[in-house]
1. By how many degrees, between 0 and 90 and to the nearest 10, does the Cα long axis of helix 65-75 differ from the longest principal axis of the chain?
2. Obtain the radius of gyration and the Kirkwood radius of the chain from its C-alpha atoms and give Rg over Rh.
3. Grab the DSSP H runs of the chain that are 4 residues or longer, score each as -39,500 (n - 2.57), total them, divide by all residues and round the 222 nm result to the nearest 500 deg cm²/dmol.
4. In degrees between 0 and 90, to the nearest 10, how far off the longest principal axis of the chain does helix 180-194 point, with axes built from Cα atoms?
5. Name all residues of region 45-60 having a backbone nitrogen under 13 Å from the label point set 7 Å from the Cα of residue 107 along its Cα→Cβ direction, giving them as ranges.
6. Which of the peptides 184-194, 93-103 is most tightly packed, and how do the rest follow, going by the mean number of other Cβ atoms within 10 Å of each residue?
7. Shape of region 1-119 from its Cα gyration tensor (a ≥ b ≥ c, root eigenvalues): rounded if a/c is under 1.5, otherwise prolate when a/b > b/c, or oblate?
8. Can you tell me the FRET efficiency between residue 29 and residue 59 if r is taken as the Cβ-Cβ distance and R0 is 30 Å, rounded to the nearest 0.05?
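What follows draws every value from the coordinates through simple rules; no lab data is involved. These figures come from a predicted structure and were not determined experimentally. Cβ atoms come from the backbone with ideal geometry, glycine included; neighbour counts cover every protein chain shown.
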């Protein structure tokens with residue numbers, strides 16, 4: 001049996017905290033290890049070091065979630081961050097991904113979608129609601145480099161699809177019969193060509209440009 005996904009939830013609304021806690025209690029593979037009501041409380045939590053997925057609201061008292069995200073990531077670089085927000089605008093999702101988030105989910109999402117989003121980012125994938133993915137695709141100029149810069153080779157595109165599906169460099173190397181070093185080189189080249197700072201940002205740019213599609217639950 002695999003270990004449960006250790007989750008920390010940060011939201012300043014008690015009812016939201018209670019609702020998500022109840023949702024997670026129904027999921028056998030997820031364990032809510034801590035909760036916080038603001039960024040300062042989050043950053044003071046010792047449990048951050050043990051967290052697998054941080055579910056983080058944007059609108060928090062004091063420091064907002066976007067600014068808190070990289071600070072939390074410094075404490076646990078292996079932690080994946082899923083931004084949990086009422087904002088349905090593409091710009092909010094774009095800022096979250098640029099800050100290092102691995103996914104974005106709406107607060108009015110059904111419990112099954114939230115659980116799927118947590119599972120997706122935990123395994124290394126990127127989660128975006130359909131309308132956010134569609135919004136990125138409808139305005140690719142705002143989320144992609146100049147069209148002439150999107151010049152991915154077939155191999156790079158193949159690796160990017162694998163990254164979007166949540167596969168690690170080691171897993172991709174095994175699947176494609178490549179060395180891990182070769183895969184890492186391709187991933188660095190992909191980031192450079194797309195002008196991205198992270199794997200999740202690469203995926204969001206690729207979705208916006210129509211290069212890849214995201215599986216749904």
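1. Compared with the principal axis, the helix lies near 80 degrees.
2. That ratio equals 0.96.
3. Theoretical 222 nm ellipticity from helices: -14000 deg cm²/dmol.
4. 90
5. Answer for region 45-60: 56-60.
6. Highest to lowest by the protection proxy: 93-103, 184-194.
7. rounded
8. The value I calculate is 0.55.
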